[in-house]
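Below is one structure, written out as structure tokens; comments come after it.
The values are calculated or read from the model by the stated rules, or taken from the named source; none is laboratory data. Only a predicted model underlies this, so the values are computations on that prediction, with no experimental measurement involved. In this analysis, Cβ positions are derived from the backbone assuming ideal geometry, glycine residues included, and neighbour counts consider all displayed protein chains.
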Amino acid sequence: MAHHGKRVVRARESVERTKLYRLEEAVKLVKTNASAKFDETVELALNLGVDPKHADQMVRGVVNLPNGTGRTLRVAVFARGAKADEAREAGADIVGAEDLVAQVQGGEINFDRCIATPDLMPLVGRLGKVLGPRGLMPNPKVGTVTMDVKAAVAASKGGAVEFRAEKAGIVQGSVGKASFGEDKLAENIKAFVEAVNRAKPPGAKGHYLLRAAVSSTMGPGVRLDLATLQTAAQTGA
């Protein structure tokens, strides 16, 4: 049997496993239980009524969190000429074309987000088997294949979070840090839920958002009351 420290035990005891918490209550609990020595990341998990194996039920998108993620992302851009210069001026950490492809093929992946101009996608396509499994492959649906390199880099640096339904229909994403104020975390969660609702695929039937929970890196999950969560997301209340 696994041995848990007093902090973990206290955190688990503070959360009623079957209770559905209002957003404000849940955020307060998560912050209280985030007592590690580092600034824990706050994660939102949504169980959706979809089967991603079917193309018309795939959920994918991007959300620009109003208060950012609290994390500094390293951004790579595949571009040439003026667009490469634009990427550097916008703050991209790594910029290149064939040289960057060779770097990635050699196992050097020193970035958290990848952007490409459309003309370089045939080149970047060679990296599908490397970038795809890591969720780094540029995609026009989430704004990472674009000629507006400046805006894409700014969004990535400023709080853009990509999301995608996993095999079991679960969408997960970072919505901030435990050091954020309760209001800022709540605003980010509402924005995330709104974005997932907007990404509802045409093949989704019946109930779409089934369950939701929020947690910190080391803390227990806190289940959210879907009725109040959906209302808050829709009204911004």
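Some points to look at:
- Any chance residue 174 is modelled with pLDDT of 95 or more, hydroxyl-bearing (Ser, Thr, Tyr) and outside any helix (DSSP H, G or I): no
- Note on the range 145-164: residues that are part of a strand (DSSP E or B) and either out of contact with any Gly (no Cβ under 9 Å at 6 or more places or on another chain) or not small (Gly, Ala, Ser) (or both) amount to 5.
- Residue 149 closer than 26 Å to residue 77 by Cβ, buried (at least 19 other Cβ atoms within 10 Å of the Cβ), of a type in the set (Val, Ile, Thr) and within 15 Å of the chain's Cα centre (by Cα): no
- Selection status of residue 110, in contact (Cβ under 8 Å) with a residue 60 or more places away in the chain and among the polar types (S, T, N, Q): no
- Qualifying residue in the range 158-166 (condition: in contact (Cβ under 8 Å) with a residue 12 or more places away in the chain, among the hydrophobic types (A, V, I, L, M, F, W, C) and farther than 27 Å from residue 25 by Cα): no
- Residue within the range 66-76 that is surrounded by fewer than 17 Cβ atoms within 10 Å (Cβ to Cβ) and either over 23 Å from residue 136 (Cα atoms) or in contact with a Pro (Cβ under 6 Å, 6 or more places away or on another chain) (or both) present: no
- Listing of helices (runs of 4 or more DSSP H) fully contained in the range 1-98 that carry 1 or more residues being at pLDDT 90 or above and at negative phi: 23-33, 81-90
- Test: residue in the range 193-210 that is under 30 Å from residue 88 (Cβ atoms) and either within 17 Å of the chain's Cα centre (by Cα) or aliphatic (A, V, I, L, M) (or both): yes
- Selection of the range 60-84 for residues being hydrophobic (A, V, I, L, M, F, W, C) and over 13 Å from the mean Cα position of the chain (by Cα) yields 75, 76, 77, 78, 79, 82, 84.
- Criterion: assigned by TED's automatic domain parsing to the domain that holds residue 31 and either basic (Lys, Arg) or in a loop (DSSP other than H, G, I, E, B) (or both) - qualifying residue of 141, 200: 200
- Checklist (1) crowded, with 21+ Cβ neighbours inside 10 Å; (2) in contact with a Pro (Cβ under 6 Å, 6 or more places away or on another chain) applied to residue 176, failing item: (2)
- Pairing residues of the range 19-45 that are farther than 16 Å from residue 175 by Cβ with residues that are assigned to a strand (DSSP E or B), at Cβ distances under 6 Å and at least 6 apart in sequence or on separate chains, gives 20/223.
- When 190, 167 are screened for being in the same structural domain as residue 25 (by TED's automatic domain parsing), in a helix (DSSP H, G or I) and either more than 18 Å from residue 93 (Cα to Cα) or among the hydroxyl-bearing types (Ser, Thr, Tyr) (or both), only 190 passes.
- Residue within the range 211-228 that is in contact with a helix residue (DSSP H, G or I) (Cβ under 9 Å, 6 or more places away or on another chain), surrounded by 17 or more Cβ atoms within 10 Å (Cβ to Cβ) and acidic (Asp, Glu) present: yes
- Residue in the range 98-110 that is surrounded by 13 or more Cβ atoms within 10 Å (Cβ to Cβ) and closer than 26 Å to residue 217 by Cβ present: yes
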